[in-house]
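Here is the structure we will look at, set down as C-alpha cells.
The values are calculated or read from the model by the stated rules, or taken from the named source; none is laboratory data. Source: prediction; values computed, not measured. No Cβ is skipped: glycine too gets one built from the backbone with ideal geometry, and neighbour counts run over all protein chains shown. Quick note on the areas: whole protein, heavy atoms, side chains included, nothing else; ligands and nucleic acids left out. Shrake-Rupley method; radii C 1.70, N 1.55, O 1.52, S 1.80 Å.
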Amino acid sequence: MRILLIVGGGIAAYKSLELIRLLRKSGIEVRVILTAAGAQFVTPLSLSALTGNPVCSDLFSLTDEAEMGHIQLSRAADLVVVAPATADLMAKAANGLANDLASTVLLATDKPVLMAPAMNVRMWENAATQRNLATLKGDGVSMIGPHDGDMACGEFGPGRMAEPAEIHAAILAGQATTPKPLAGRRAIVTAGPTIEPLDPVRYLTNRSSGKQGFAIASALAKRGAQVTLVAGPVALPTPAGVSRVDVETAQDMLAACQAALPADLAVCVAAVADWRPAQIAPRKTKKVSGNGSPVIHLTENPDILMALSRGDNRPTLVVGFAAETDNVEAYAQAKLIRKGCDWIIANDVSIAETMGGDHNAVSIVTTKGIERWTRLDKSEVADRLADRMAESLT
Ligand code: CTP
C-alpha cells in the first residue's frame with residue numbers, strides 16, 4: 001500500500017513522525033506533503049529521513065515538479081491521509097479551494113481520503129468547522145478523532161488528534177478504503193449489557209461483552225454512516241469514526257437512543273436487562289443476622305427495540321438480535337412479529353464461546369424467510385451485516 005500523507009500546521013504535527021514510523025514498519029510506502037504552517041512544527045529533513053523519500057511542499061517548485069508532479073503525487077497513492085488536519089485544511093477541502101500544494105492535491109485526488117483533525121476545542125466546536133466537517137463526511141471523506149483531552153493551549157475538550165497507533169490501525173482495517181454506501185445515513189447501535197442498581201454498591205447485570213455491537217458500529221462507520229453507539233458498561237475502545245454515549249441502565253439506554261433520533265437505521269445488539277429492581281435502596285443494604293435474606297422485587301424494563309420499531313420517527317430499517325439457548329429460529333420469528341422490527345439476527349448462546357467470545361453463528365430472520373450463516377469471526381459477521389443493511393437502504 002502507498003500513502004500520501006499531508007502534514008498540516010499544528011502542534012500535533014510531531015505525532016505524524018510516529019505515524020510514519022508505524023506505517024513503514026507495516027511495509028507501507030509513505031510520501032509526504034508538508035504545508036508551510038506544518039514546516040513550523042516539523043522539519044522536511046526528519047520527514048524525508050523517516051519516509052526515505054523527498055518531501056514536497058511547494059506547488060510551484062520546479063524541483064518538486066521535476067521529481068514528481070502534484071497530480072502524479074495522488075495518482076501514485078492508494079490513500080491520502082491528512083494528519084494533523086487543521087481547521088484551515090478542512091475548510092479549504094470542504095470548499096474546494098486550491099491555493100497551495102496540499103489543498104490542490106486534495107481537490108485533484110480521486111483516492112480515498114482519511115483526515116485526523118486536530119485543533120483548539122473552540123475552533124473545533126465553531127459552527128464553521130462543524131459545517132465543514134459535515135460537508136467533508138457527506139463527500140465521503142473518512143474522519144478519525146479528534147478526542148477529548150488536554151491540549152497544548154492549556155484547555156481541555158475535543159480537538160486532540162487521534163494517536164498514531166489508532167490512525168495506523170484504522171488504515172490497516174481499511175476504514176478509509178472501504179466504499180461508502182452509507183454516507184449521509186444516520187445509525188443507532190446499542191451494545192453491551194445494562195446494569196440495574198439494587199443499592200449504591202450492588203447491581204444486576206449479564207455476561208454480554210459488547211464485542212458484536214462494537215464491531216457492527218465500526219462496520220457501519222467504515223461504510224460512511226454517522227453512528228451513535230449507545231453502550232452499556234464494557235471495557236472496549238470506541239471504534240474509529242463512531243460517537244459513543246455511555247449508559248448504565250435500560251432506561252438511560254432508551255433515553256440515549258431516543259435522543260439520537262432521527263436515524264435511517266437502528267441495530268439493537270445490547271443485552272438489555274429485562275427487569276430492574278423495583279426499588280433502589282438509597283444506602284447499602286446491611287446484613288442483619290437472624291433477619292434472613294432480602295427479597296428483591298423486580299419490575300419490567302422498557303423494550304428499546306420495540307420502542308424504536310413502534311415509536312414515532314421509526315428508522316427505515318430496525319434490526320434486533322435474539323440470544324437464545326433453544327428453539328433459536330422459532331423464538332426469533334416470534335420476536336420479529338412481537339417487537340415489530342424488520343430483521344432479527346438470531347444466535348445460539350448455548351454454544352459456550354458465543355457470549356464473550358470472538359465468533360458467532362447467526363441466522364438472519366426476516367418476514368421473507370431465514371438465512372443461515374456459518375460460524376464467523378464477529379467482525380466478519382459485522383461486515384456482512386453492514387453490507388446487507390447498506391443494500392437494503394439503497
Ligand atoms: N431488547 C431491547 N430492550 C429490552 C430487551 C431486549 O432493546 N428491554 C432487544 C435486544 O437488544 C435484542 C432483542 O431485543 O435486539 C432481543 O432481546 P432478548 O433479550 O433476546 O429478547 P426478550 O425480549 O428478552 O425476549 P425473551 O425473554 O423471550 O427471550
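Here are a few things to note about the model shown:
- When the charge dipole of the stretch 2-176 is built from unit charges on Cβ atoms (+1 for Lys and Arg, -1 for Asp and Glu) and taken about the Cα centre, the candidate among G157, S26, H147 whose Cα reaches farthest toward its positive end is S26.
- Multiplying the residue separation of R388 and A173 by 0.36 nm and subtracting their alpha-carbon distance yields 75.5 nm.
- Taking the convex hull of Cα positions in the stretch 230-294, its mean projected area over all directions (nm²): 6.9 nm²
- Among the listed pairs K92/K211; K286/K378; K15/K180; K287/K335; K25/K222, a Cα-Cα separation exceeding 32 Å is found for K92/K211; K286/K378; K287/K335.
- Value at 222 nm in deg cm²/dmol, rounded to 500, when DSSP H runs of n ≥ 4 in the chain each add -39,500 (n - 2.57): -9500 deg cm²/dmol
- Sequence-distant aspartates and glutamates (8 or more away, or on other chains) whose Cα lies within less than 18 Å of K368: E329, D342, E391
- Of all DSSP beta bridges in the stretch 186-393, antiparallel share, percent nearest 5: 40 percent
- Charge dipole of the stretch 174-302 (Cα centre as origin; +1 on each Lys and Arg Cβ, -1 on each Asp and Glu Cβ, all else neutral): 320 debye, rounded to the nearest 20.
- Put simply, when 291-298, 215-222, 73-80, 230-237 are sorted by average Cβ atoms within 10 angstrom per residue, most first, you get 215-222, 73-80, 230-237, 291-298.
- For the chain, a crude dipole built from +1 on the beta carbon of Lys and Arg and -1 on the beta carbon of Asp and Glu, taken about the Cα centre, is about 580 debye to the nearest 20.
- Of the GluC sites (Glu not before Pro) in the stretch 303-394, those whose Cβ has at most 12 other Cβ within 10 Å and which sit in DSSP loop: E353
- Computed over protein heavy atoms with a 1.4 Å probe, the carbon and sulfur contribution to the accessible area of the chain reaches 52%.
- Taking 0.36 nm per residue of separation and subtracting the Cα-Cα distance, full extension of the segment from A255 to R310 would add 18.3 nm.
- Farthest toward positive dipole pole in the stretch 2-176 [+1 Lys/Arg, -1 Asp/Glu at C-beta], among L45, H168, G10: H168
- Solvent-accessible surface of the stretch 2-176, taken per residue with a 1.4 Å probe and all protein chains present: 43 Å².
- Beta bridges by DSSP in the stretch 2-176, antiparallel share as percent, to the nearest 5: 20 percent
- Between 0 and 90°, nearest 10: helix 250-259 axis offset from the chain longest Cα axis: 40 degrees
- Pair R21, T374: separation of 7 Å Cα→Cβ label points (nm): 4.2 nm
- In the context of the full protein assembly, K111 retains an accessible surface of approximately 60 Å², using a probe radius of 1.4 Å and ignoring ligands and nucleic acids.
- Cα→Cβ-extended label distance, 7 Å offset, between T299 and T366, nm: 3.9 nm
- Cα centre as origin, Lys/Arg/Asp/Glu Cβ charges: the stretch 40-199 dipole, Debye: 540 debye
- Counting only protein heavy atoms and a 1.4 Å probe, the stretch 186-393 has 49 square angstrom of accessible area per residue.
- Rounded to the nearest 10 square angstrom, T205 shows an accessible area of 70 square angstrom against a 1.4 Å probe.
- With the convex hull drawn over the C-alpha atoms of the chain, the volume per residue is 172 Å³.
- According to the Cα-based calculation, Rg over Rh for the stretch 2-176 is 0.93, with Rh computed by the Kirkwood formula.
- Computed P(r) (all Cα pairs; the stretch 186-393; 5 Å bins; percent): 1, 7, 15, 19, 20, 16, 9, 5, 3, 2, 1, 0, 0
- Estimated FRET transfer efficiency (D58, D78; beta-carbon r; R0 41 Å; 0.05): 0.95
- Among beta bridges that DSSP assigns inside the chain, antiparallel share in %, nearest 5: 30 percent
- Note that the stretch 102-180 carries a Kirkwood radius of 13.6 Å, evaluated over its alpha carbons pair by pair.
- Between the helical axis of 211-222 and the longest alpha-carbon principal axis of the chain there is an angle of about 40 degrees.
- Accessible surface ranking that places the most exposed of T316, T35 first, with a 1.4 angstrom probe: T316, T35
- Options P181, A334, M1, ranked by Cα towards positive dipole end of the chain, top entry (Cβ charges): A334
- With all protein chains in place and ligands, DNA and RNA left out, the 1.4 Å accessible area ranks E196, E29, E300 as E300, E29, E196, largest first.
- Taking all protein chains together and a 1.4 Å probe, the residues F214, F321 rank F321, F214 from largest to smallest accessible area.
- Neighbour-limited loop hits for chymotrypsin sites (Phe, Trp or Tyr not before Pro), the stretch 1-93 (at most 15 other Cβ within 10 Å; DSSP other than H, G, I, E, B): F60
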